[in-house]
Amino acid sequence: MKKLFYISFLSFLLISCDSLGTILSSPGIYQGGGYGSSSSAQAEREYQEVAANYQEDSASVLSELLSDDAASSNAAIVIENASACNIVITVSGNGYYKKVPIAAGKIRGVVVKKGVYRLSGQVCNARYDQVKNADTSVTIKLRN
């Protein structure tokens with residue numbers, strides 16, 4: 001049953017459907033407070049810069065998601081961008097730091113050591129900042 005779930009999730013991941021994940025609004029997304037169109041343009045420039053040099057890690061993310069090893073020291077953090085804007089999410093904590101560019105309507109993930117991580121970035125005109133405990137693989141869905 002667990003493998004069926006992971007295979008379903010894998011299919012979801014590959015075709016970028018809108019059927020799985022955690023929908024995050026408040027308190028993780030803050031609206032207003034100086035985030036305007038110039039900030040959106042700056043976020044798009046950052047996305048273009050980070051995406052140009054980003055090394056995709058999908059094989060290890062999928063491997064971690066499909067793994068049945070509860071003793072593994074790793075976990076996957078999968079982020080779905082269900083917004084209309086390209087975004088860059090910074091994943092930091094536990095000695096790890098990485099900027100992850102995610103195009104509008106797409107999904108990306110990273111493999112991290114189990115622990116607590118801060119995820120932050122700008123989703124369209126809203127600031128996203130959340131702390132997640134990655135004791136197991138985590139799926140997050142962001143939208144505006």
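The single condition among (1) of a type in the set (D, E, K, R); (2) crowded, with 16+ Cβ neighbours inside 10 Å; (3) under 14 Å from the mean Cα position of the chain (by Cα) that Glu64 does not satisfy is (3).
Restricting attention to segment 66-79, does a residue exist that is on the phi < 0 side of the Ramachandran plot, touching a residue at least 60 places away in the same chain (Cβ under 8 Å) and part of a loop (DSSP other than H, G, I, E, B)? The answer is yes; a qualifying residue exists.
Output yes when any residue across segment 115-125 is assigned to a loop (DSSP other than H, G, I, E, B) and either closer than 25 Å to Ser40 by Cβ or in contact (Cβ under 8 Å) with a residue 60 or more places away in the chain (or both), and no when none is. Within segment 115-125 (the criterion being assigned to a loop (DSSP other than H, G, I, E, B) and either closer than 25 Å to Ser40 by Cβ or in contact (Cβ under 8 Å) with a residue 60 or more places away in the chain (or both)), the answer is yes, since at least one residue qualifies. Here Glu49 fulfils each of the conditions (1) without any contact (Cβ under 8 Å) to a residue 12 or more places away in the chain; (2) part of a strand (DSSP E or B) apart from (2). Scanning segment 126-144 for residues that are more than 12 Å from the chain's Cα centre (by Cα), surrounded by 15 or more Cβ atoms within 10 Å (Cβ to Cβ) and farther than 20 Å from Arg45 by Cα yields a single hit, Ala134.
Taken together, the values in this text are just the output of simple stated rules run on the coordinates, not laboratory data. In this text the structure is predicted, and so the values were computed from the model without any measurement. Cβ atoms come from the backbone with ideal geometry, glycine included; neighbour counts cover every protein chain shown.
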